Amino acid sequence: METRLADVGADDACNIPLSNLDVSEAKRFQDNRIWSCFERLRREDPVHYCQDSPYGPYWSLTKYRDILAVDANHKVFSSERGVTIVDVPDEHWTQSFIKIGPPKHREQRDTVSPIVAPENLTKLEGLIRCRVRTILDGLPRNDAFNWVDMVSIELTTQMLATLFDFPFEDRRLLTYWSDIGATIPKKGHAVDSWDKRSKILFECLDYFTRLWNERINAEPRLDLISMMAHSPATRHMDPMEFLGNLILLIVGGNDTTRNSITGGLLFMNRYPSELRKLRNNPKLVSSAVSEIIRYQTPIAHMRRNAVVDTIVGGKRIRQGDKVVMWYISGNRDEEVIENASSFVIDRKNVRQHLSFGFGIHRCVGRHLAELQLRILWEEMLNAGLEVKVVGEPERIASNFVHGYSVLPVRIAA
Ligand code: HEM
């Protein structure tokens, strides 16, 4: 039997035949053993065809410019068959506006985007600052604790509850549904079948349907449910489309920012000279936030399918082929980003990264994510809070959400 990368150690990524290289194995992400694979692909085969993987055949794009070109070209590279490497079975498929093109995509996106428009973000700033202070004040002073749970999840889940005007005391349900929504079922794991995943997500649908029914008969307000219930673009969604858009907004607003908050603390600990730079010059905070989001790349990939035969990086891609844009690799492409494998908070062109995607589906919530991270770091600096990482992070087993379940920390006395 031929050796596939999934079966061998990280360093062997450099030795096995290229044709056997499959970078998608979730365990590899969990063990943080992805970097040598992507480095090799960028160097030797930037547009790489993997014939045999648990997700079927797919192309990997690993260079910045190829990813940008494909992401910006929705007419040739469509998201209509899904945005992750996995092919969701038809009976579990949910529609959402990230999986459709114009004009319906624009109408639905425009329905929700006012909540993250600059005027509303200005209004939210005070609330976020107040919450950040409360969360930081409440952290244990003498014991180690899990930063992911007490800060990253708490802050982003509170925000999401506000965006949905979701009952605050039930907000951890949002965290739960977010994690389930981002999960690909796997034997031996807590969610081991598509049926189980759908069953849990239907509980989410039931809960939100109650909120929808209350709000559709009330005055329109600035929360995501009310906005969708009152807009002609979304008012007549069938339940599976409502669920799809809910999961899009929940995962979009939750996992991504959460993992940037955790990654930021980890990187500042691993690169103490960068933290010193920030302490000496707090005006660098916005630049630091962009660098955190590049360096973390909380969404490792997005997937498209070619609508027609086409060429990318000299390779012929056939109509229907699955194309995976590895943002996580493009963000480490030395041809575009100097010294890309280092964390440098004051680098030139710091906003030039792929973490939010490009083209018509470019992240709608990016300014809100940046705002939350900026305020968190401003408040940590103001309070002179020194948070030390005191153990190894535990990463999640996913090739899509690039993040952490545990980061043990302690506040320095
Ligand atoms: C789309 C990343 C925060 C809501 C996306 C895409 C990426 C992304 C990669 C797809 C882009 C593409 O296909 O070209 C991130 C990262 C975040 C973040 C890294 C935080 C650091 C948020 C927040 C929200 C949000 C806070 C909601 C409040 C969405 C939505 C879409 C999206 C609704 C779909 C947009 C469309 O299809 O037009 N995001 N996101 N995201 N994001 Fe975010």
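Each reported figure results from applying straightforward, stated rules to the coordinates on display, with no laboratory input. This one's a predicted model, so the numbers in the text were calculated from it and none came from an experiment. Quick reminder, even Gly has a Cβ in these numbers, built from the backbone with ideal geometry, and neighbours come from all protein chains shown.
The figures follow:
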{"read-out": "Mean separation of Cα contacts under 8 Å (6+ apart) over length of the chain, as relative contact order %", "value": "26"}
{"read-out": "Given charges at Cβ of Lys, Arg, Asp, Glu: region 5-411 dipole, positive-most of SER79, ASN269, PHE202", "value": "ASN269"}
{"read-out": "Gaussian network model of the chain, springs between alpha carbon atoms under 10 Å - residue of THR262, THR62, THR162 with greatest fluctuation", "value": "THR162"}
{"read-out": "Filter on LYS75/LYS99; LYS283/LYS348; LYS63/LYS322; LYS63/LYS99 - keep pairs with C-alpha separation over 21 Å", "value": "LYS63/LYS99"}
{"read-out": "Net dipole in debye of region 5-411 [+1 Lys, Arg Cβ; -1 Asp, Glu Cβ; about Cα centre; nearest 20]", "value": "860"}
{"read-out": "Antiparallel content of DSSP bridges confined to region 5-411, in %, to 5", "value": "90"}
{"read-out": "Centroid-to-centroid separation of region 150-191 and region 318-373 [C-alpha atoms, Å]", "value": "24"}
{"read-out": "Virtual spin-label span in nm between ASP309 and ASP346, 7 Å along Cα→Cβ", "value": "5.4"}
{"read-out": "CD proxy at 222 nm, helix term only [per DSSP H run n ≥ 4: -39500 (n - 2.57); per residue of the chain; nearest 500]", "value": "-13500 deg cm²/dmol"}
{"read-out": "Selection of GluC sites (Glu not before Pro), region 338-379, meeting DSSP coil and at most 16 other Cβ within 10 Å", "value": "GLU338"}
{"read-out": "For region 99-145 versus region 251-317, the gap between their alpha-carbon centres in whole angstrom", "value": "17"}
